[in-house]
Every structure is written in structure tokens, then in C-alpha cells.
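Coordinate-derived values only; no laboratory data. Because the structure is predicted, anything quoted here is derived from the model rather than measured. Positions of Cβ are backbone-derived with ideal geometry, glycine not excepted, and every protein chain shown enters the neighbour counts.
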Amino acid sequence: MSFDFSSEFQLEFFHANGFIRRICPKCGRAFWSQGDWPTCGESPCEEYSFIGQSPIKHPYSVHEMREEYLSFFEENRHGRVRRYPIVARWRDDVFFTQASIYDFQPWVLDGVIEPPHNPLTISQTCVRFNDIDNVGRTGRHYTFFEMLAHHAFNWPGKEVYFKDRTVELCHRFLTERLGVDPKKIRYVEEWWEGGGNSGPCVEVILEGVELATLVFMMYRESPEGRVPMDMTVVDTGYGLERFTWISQGTPSAYEAVFGPVVRGIQTELGIQPDAKVLEAYSKVAGMLNMKTAADVRKLREQTAQRLGISYEELLATIEPMENIYVICDHARALAFMLNDGVVPSNVREGYFARMLVRRALRAMRHLQMPRTLADIVGQQIDYFAPHFPELVENRDDIMDLVQVEEKRYYETLERGRSIVQKMTQQLKGKPITTEKLIELYDSHGLNPEIVQEYSDVPVEIPDAFYQMVARKHEEEETAARGEEDECPRCEEFPDDMPETVLGYYEDPEVMSFQAKVVAIVNDGIVLDRTYFYPEGGGQEADYGIMEDRNVVDVQKVRNTVLHFLDDIKGIEVGQTVT
């Protein structure tokens, strides 16, 4: 940042507990610690030091760590909140829940509704695709992850807690609950911006890894400058997978999180990797900013040099494990995405589910795995089901969807050779461009590696191909949203209409309810509360039944929801409907 925000971090907690503020000579950032550390402690300023010797008192499974965290904050008077769906249907601007704060945007932050608890704690399932090409390669990237969090929403005159208490709770969880030596923890000063808001934040660093980020949302960013918010928000994010990884001190986070599933595939394929190679690989990966294929080659070259082995020897160990990690990550992501209502397709949320299927099957093809992807998804369901019973309830539907996609993928491969050969003939010896690769992927489902295998002309796969197509798809969908026609029946909508209580936000799983008709506008029924999702942000409206009539459309105008039925005769203002 170009301005001085150091005054935001003069916390009573730091001063009262002997923390000293220092400047990291490598990255130039300020940090606070009780120990006498020369750097901020985060890679690449410092190498991972926890592998093989965890600073946490004993190893935790991912399920044990989740419960340890949530129970700690419950004991500290936070209400535990169940996870929200991965598909962020209450948001008009995104497809997926990418952080726990998404659960409360915009309605809670805009003051439309109260949070379910205040303060609260949650383990929110999230998906992100911005680092998809690094999954499996770096030891720490995922498409699906759980964000542990505690949040507090402070209104004028009704403050819950803010900076000091937030840092204190984090420090106590690490030291009292997990047994971390307090002198090993470093708190780095940063500034956060996102979604039109901003504020100071603290990055929590332990032995080379950023474990958590503590954001203090205080300002709105406007063309006129930075404006203080009426409500200030504690927005924290603790990486469940990273906490689990550090507690076990395994060579990569994937062994810690997917332990039995990873080991099962290794045993099945007879793969026994050298732990020293994996450990060195993770440590070098932590020191690099992994963005491109060139970075991956640099990672491999440096690891081979460090171990005193050839590049080819390193690949013989690394590549099979990278494919196993990809399969495990994508199988878990698919289990939760399909459970939460995503159907693989070429549009919207379904596009990303289909991308995961194709990437996972490509990895399985490299390994020549005899089993199906559905088998691996089933294993992930079994592993996570004790803590997510909804996976068991929807298991058959999830498995059916994966099996259909798997069958479609192999049918695509059978057609793929002739499709690629036809294109290469049209190119007359010219190389296949990135645009053509994307076309083959989007239109025919052919991974670029398959195109490379089938092609008679040069094929150069671009860096971060899957990030590229994911970003392209998101941009196209965003543009399409901006071009959507407004609801013609919502025109000339009165300004004084009552607000609708958005029950679908409080409990998205409700399937039946009663409500009072408070108005009828342009044949649209306005209820005092609703659990029907309105159309918005590329998300279709919910359909259902009201008083034995079909609900054919649901629209939201400002803070009022209109329900359009195929017949509204007999429905009157003041009536209670079901």
C-alpha cells in the first residue's frame, strides 16, 4: 500500500504481552512477535520448518482439527453455525462460496438481516479455481477447502469485539489449545481490500506457513476515497487443511488431509514414494511463487539439485504422486459440489464440475488406474460423511452424476482422434493455437494433453491452461449477467413496498412454509417472508407450488420478492398461503 497504516496495529494485546514490532529485511513488511526473529517467518522469507517436526502438541486428523477449532470458539461464547452451500445462490456476483464472509454478504453486511449468531464460528466449505493448475504440484493448493472462521458484527453502540479480542482469541487457540510455543508465532501487518470494503489485517505465520488471516473490515472504498463503515466486521479465515498439515508434519498437505484415500491408491498402484524427495519438493515449492509452467520446471530443477539426483529421477517420484493428489482433491470437490446441487454441464456452475471430472480422469488415465472416478468419489464420501451426513443422503445421486460424466468423457476420447486429425488437416501443418485448444476443450471436451497426444502438428500447452479457461468462462458469464433483460413485470414497481424477509438465507434447506400475502403487484404476489430463491446473477429462480398453483417465476426488486403463479385467482392480500 502507498499509505502508512501502522497505527492500526498498536494493539493493547501486543503491548501487554511483550510483543515487539520488527521489519522483515527480506520483504519489508512489519511483524509482531514475542520471539527474537530476524524475518516475518513466511515463505519465501523463511523455509518450512515443521515438516517432520510439528510445533503442534500432537497430530490431528482433518475432522479432529475442525472440531477442536469450533469447540474452542463455542467455549468462548461464539454460536456455531452450520456451513452454507458451496453454490452461493444468495449472491448475484459469484457462482461459488469462496470464503466464509460470503455467507453474510450482502444481507448481513448491508444491515438487511441479523447474523444467525453474533459472534459466530463456522467451518465453511469453499471452492476456488484460480490456482487449479497448481493443485497436486505445490503440496498446498486445493480447489475445495474448508475455511475455519470466527466473525463479529459491530454496530454503533452494539460492539461485540474487534482487533484486540480477535488477535487474543487466535493466540489462545494456537497456544492453549494446540500447544504451540508462543514465541514461534508471528503476526504480520497487512492491508486488505475486497468487494468494495477495506481494512487492516493480520497474517498469522507459523514455521513458514500463513495459517490464518484476521481482517478488520472498517472502510468502504468509493470514488471519493475511503469512507468509514457504520458496521465494522471481524472477518477471519483459518485454513483447516493447513492446520491439519502442520499438526502432522507430513511432506505435503495432501497426505494429511486425504490420508487413507491417498494411501489406498498408492497401495493399489504399488507406488511407494521416497519421503525425503516429497519433503524437499514441498520445502522448495514453499519458497517459490508458483504461477506458471516455467515456475513448476524451476521447482523441479531446484529440488533435483538439492537432492543430488537427475531431473528424470525426480519426475519418476513426483509425477505419480501429483496425479494421485489431483484425483483426491477433485473427487472431494465433486462430492460436495454435486451434493449442493451442481450438475456437470457446459454452463455456469456445471462447467466447473465438468472441468474437475475431466482433469481427474486425465490423471487416472496417466496412472492407468483400473478403478473408476466414481469409486474415488465414493471413498471421499465415506471419509467425510460422519461429519457431513448430507453426503450419505445424496450419495446415490452424486454417484450417478459422476458415472454419467465418466461415460461421456470416454466417449469423447473415442471421437477425439478424428476431431483433432480433422482440425490438423485444416491447419495444413500450422501449430494448434491456444484459441483452438480452448475451442477443442469447450466444444468437444478434449483436454490439451489429449490433443497433444492425438495431433500430428506441434501443440504447445499454455501456462495455467485450466485457470485460463475458468477465468474466460467466469468473464463470459459475468458479461451475460449484465446483458440479462430486466423483468418486464417488475417495471413501475412502487417505492413503498414492504421488504420481504429472506428465509432462504436463514435456512436454505426449507422445502415448505407458510407466509402472509402482504401485496399483489402486476400479478406478482409479495409475501411477508419467503424461502423461494429469486432469479439473479445467472441463477434461475426456484419453482414450486403455492396454494395448489405452480410458482413459475420469482423476481427480486430492491428488497421485495415477487412470486408469479400460473393462476392467482382467489388469492387475496392478508391471506396466509402454503
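Among complete DSSP H helices in the chain, those whose alpha-carbon atoms stretch at least 24 Å along the helix's long axis and whose mean Kyte-Doolittle hydropathy reaches -0.5 are 311-339, 348-367.
Taking a point 7 Å out from the Cα of GLU8 in the direction of its Cβ, the residues of region 165-189 whose backbone N falls within less than 20 Å of it are 165-171, 186-189. The relative contact order of the chain, computed from alpha carbon pairs under 8 Å that lie at least 6 residues apart in sequence, is 12 percent. What you get for region 20-247, charging only the Cβ of Lys and Arg (+1) and of Asp and Glu (-1), is a dipole of about 300 debye around the Cα centre.
Here is the link list: LYS158/LYS556; LYS26/LYS298; LYS57/LYS183; LYS516/LYS556; LYS57/LYS163. Which ones come out longer than 19 Å on Cα distance?
Where the Cα-Cα span goes over 19 Å, the pairs concerned are LYS158/LYS556; LYS26/LYS298; LYS57/LYS163.
Given Cα positions, please report Rg to Rh for region 511-578, the hydrodynamic radius being the Kirkwood one. Taking Rg over the Kirkwood Rh, I get 0.92.
Can you give the convex hull volume of the alpha carbon atoms of region 170-252 per residue, in Å³? Don't skip to the answer; put the middle values down first.
On the way: hull volume 9.2 nm³, N = 83.
Roughly 111 Å³ of hull volume per residue.
Centroid-to-centroid, using Cα positions, region 194-267 and region 545-578 are 42 Å apart. Shape class for the chain: oblate, because the ratio a/c of the largest to smallest gyration tensor axis (alpha-carbon atoms, square roots of eigenvalues) is 1.5 or more and b/c is at least a/b.
Positive contributions from Lys and Arg (+1) and negative ones from Asp and Glu (-1), summed over other residues with Cβ under 9 Å from the Cβ of VAL357, come out at +2.
Quick one: Debye curve from the alpha-carbon atoms of region 62-116 only, equal weights, vacuum; give me log10 I(q)/I(0) at q = 0.26, 0.27, 0.30 Å⁻¹ to two decimals. Log-scaled intensity ratios, in q order: -1.06, -1.08, -1.15. Would you please name the GluC sites (Glu not before Pro) within region 22-59 that are DSSP coil residues with at most 14 other C-beta atoms within 10 Å of their C-beta? Filter output for region 22-59: GLU47.
Count the net charge of all other residues whose Cβ sits under 10 Å from the Cβ of GLY136, scoring Lys and Arg as +1 and Asp and Glu as -1. Surrounding charge for GLY136 is -2. A straight Cα-to-Cα reach below 29 Å connects LYS407 with the lysines LYS422, LYS436, LYS472, residues fewer than 8 places away in its own chain not being considered. The helix-only estimate of mean residue ellipticity at 222 nm for the chain, built from DSSP H runs of length n ≥ 4 each weighted as -39500 (n - 2.57), is -12500 deg cm²/dmol after division by the residue total. With a simple spin-label model that places each label point 7 Å from the Cα along the Cα-to-Cβ direction, the separation between PHE162 and ILE520 comes to 5.0 nm. Checking every one of the GluC sites (Glu not before Pro) in region 205-289 against DSSP loop status and a limit of 12 other Cβ atoms within 10 Å picks out GLU224.
D by Stokes-Einstein for region 33-137, Kirkwood Rh over Cα pairs, 37 °C, 0.692 mPa s: 191 µm²/s. Taking the three principal axes of the alpha carbon atoms in region 250-480, the coordinate ranges are 50, 49, 36 Å, sorted in descending order. For region 132-175, the fraction of C-alpha pairs more than 15 angstrom apart is 64%.
Can you tell me what the convex hull of the Cα atoms of region 20-247 projects to on average, as an area in nm²?
13.3 nm²
For the ranges 410-419, 559-568, what's the packing order if you count other beta-carbon atoms within 10 Å of each residue, average per peptide, and put the highest first?
Order by mean packing, descending: 559-568, 410-419.
For VAL552, the residues whose modelled amide H falls within less than 5 Å of its own, excluding neighbours fewer than 5 places apart on the same chain, are PHE564, LEU565, ASP566. Contact order, relative form, for region 103-232: 16 percent (alpha carbon pairs under 8 Å, 6 or more residues apart, mean separation divided by residue count).
According to the Cα-based calculation, Rg over Rh for region 29-85 is 1.09, with Rh computed by the Kirkwood formula.
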